[in-house]
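In what follows, a single structure is set out as structure tokens and then discussed.
What follows draws every value from the coordinates through simple rules; no lab data is involved. This structure is a prediction, so every number in the text was calculated from the model and none was measured. Heads up, the Cβs are rebuilt from the backbone with ideal geometry, glycines too, and the neighbour counts pull from every protein chain shown.
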Amino acid sequence: MKRKYEIGLIINPEATEEEVRKIIDTIAGIIEKAKGSIENIDEWGRRKLAFPIQKHKEGIYVFINTDVVGAAFLSIERRLKLSEKVMRFVILRLDDRLKKANKLTKKWRRLERISRKSQEIKEESMTNEKPKAREAKNEK
């Protein structure tokens, strides 16, 4: 079953443009062999790291969004672990995050409806109380 994934890479800043392209192409080749599709390749370029990794303060960031079968990531992980130019990588399954986001938006909509209904009930009760309060004052 195909699912949506995001692969995040931090590549050594000393790597050339050709080496970065080669890493991306190997990942794309593995995904295509697994009959998956690449939706987007987002290259952020050289960025400052939050903390030093392998004595480097910068890294080349690359993010790949893809639809692929989960078993393909065994070979992708193996390739990324063996590559000396890849300092860090993470693979996130986006389906779970999208489901959670959808559940949260449904919950927020339900809470908004409930708050609107309670607000309407309060306003309605306030408009009904005003004539009664006037009648009570007039009777005294």
Handout entry: Residue within region 91-105 that is surrounded by 15 or more Cβ atoms within 10 Å (Cβ to Cβ) and part of a strand (DSSP E or B) present
Key = yes
Exercise for the section: Would you tally the residues in region 70-88 being surrounded by 18 or more Cβ atoms within 10 Å (Cβ to Cβ) and among the small types (Gly, Ala, Ser)? Expected result: 2
Exercise for the section: Only residues that are in contact with a helix residue (DSSP H, G or I) (Cβ under 8 Å, 6 or more places away or on another chain) and part of a strand (DSSP E or B): list them for region 64-90, please. Expected result: Ile64, Asn65, Thr66, Val68, Val86, Phe89
Problem - Residues of region 29-63 satisfying the condition of being outside any strand (DSSP E or B) and free of Cβ contacts under 8 Å to residues at least 24 places away in the same chain - result: Gly29, Glu32, Lys55
Problem - Flag if Arg47 is within 21 Å of the chain's Cα centre (by Cα), surrounded by 13 or more Cβ atoms within 10 Å (Cβ to Cβ), farther than 16 Å from Ala34 by Cα and of a type in the set (Lys, Arg) - result: no
